[in-house]
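The values are calculated or read from the model by the stated rules, or taken from the named source; none is laboratory data. Given the structure is predicted, the values throughout are model-derived calculations rather than measurements. Neighbour counts are summed over all protein chains in view; Cβ atoms, including those assigned to glycine, are modelled from backbone coordinates with ideal geometry. Side chains included, ligands, DNA and RNA excluded: accessible areas come from the protein's heavy atoms. Shrake-Rupley method; radii C 1.70, N 1.55, O 1.52, S 1.80 Å.
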Amino acid sequence: MERDESAAIQRVLRGDRDSYRLLMERHYPVAYRMAFRITGNAEDAEEATQDAFLRAYRKLESFRHDSNFSTWVNRIAMNSALNLVERRMRDISHGAQKLDEPAAPGTTPLQVADGHAGPERQLLDAESARLRHKAMEELTPMERTAFTLRHMEDLSIAEIAEALRVPPNSAKQAVFRAVSKLRVSLASLAGGMR
């Protein structure tokens, strides 16, 4: 696989743009998943991932083959997602409904009876999801990213340190702080146990 990627990179550098598609198809899903976990929504994750692959394409000649292409492009995607989150936090109007715009008709979801969870379960699930999302938002971007890479993407501390460009001990501490904060924030979901 690495030989295929290396050959694809060489073809792209010689002007064969279509060879970049091989790299995108192989690595886009993981980069998108990581961006989604950092940004918290599909549109921002898509924007960050597309931005990452565009940046990677433009800087492909600076790619050093001492690491995997996946590590390199995922680091770019992570940075794009973090930058997007920071921009969104500064832009207080992002996602807000304009005062002069009336709410779109039919914006409330239609509830249809089916064989799935009942209203109580849906309410509890929605509340749990809201609490988990809120707890993740309370983490610093470094903690959220370190936690995501460790516990959702199963990366090693060394890989996390490389992706975050910090020493391994700092990466380990960021994961530890994130887990500690999440335990406290989500104690109510676990029956109040700490």
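Observations
- Index of the failed condition, Ser156 passing every other in (1) touching a residue at least 60 places away in the same chain (Cβ under 8 Å); (2) among the polar types (S, T, N, Q); (3) over 18 Å from Leu82 (Cβ atoms): (1)
- Meets criteria (open to solvent by 60 Å² or more (accessible area, probe 1.4 Å), at pLDDT 75 or above and either over 15 Å from the mean Cα position of the chain (by Cα) or more than 22 Å from His27 (Cα to Cα) (or both)) for Arg121: no
- Val184 at pLDDT below 85, hydrophobic (A, V, I, L, M, F, W, C) and open to solvent by 40 Å² or more (accessible area, probe 1.4 Å): no
- Considering only residues in region 146-158 that are surrounded by 20 or more Cβ atoms within 10 Å (Cβ to Cβ) and not polar (S, T, N, Q), the one that is nearest to the chain's Cα centre (by Cα) turns out to be Leu149.
- Number of positions in region 126-144 that are open to solvent by 70 Å² or more (accessible area, probe 1.4 Å) and part of a helix (DSSP H, G or I): 7
- Within region 16-35, being in contact (Cβ under 8 Å) with a residue 60 or more places away in the chain and closer than 15 Å to Trp72 by Cβ holds for Val30, Met34.
- Just one of the listed residues (Glu138, Glu143) is more than 15 Å from the chain's Cα centre (by Cα) and either small (Gly, Ala, Ser) or modelled with pLDDT of 85 or more (or both), and it is Glu138.
Conditions tested, residue by residue: (1) under 26 Å from Glu143 (Cβ atoms); (2) open to solvent by less than 70 Å² (accessible area, probe 1.4 Å).
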position	(1), (2)
Val12	no, yes
Asp16	no, yes
Ser19	no, yes
Ala35	yes, yes
Thr39	yes, yes
Gln50	yes, no
Lys59	no, no
Trp72	yes, yes
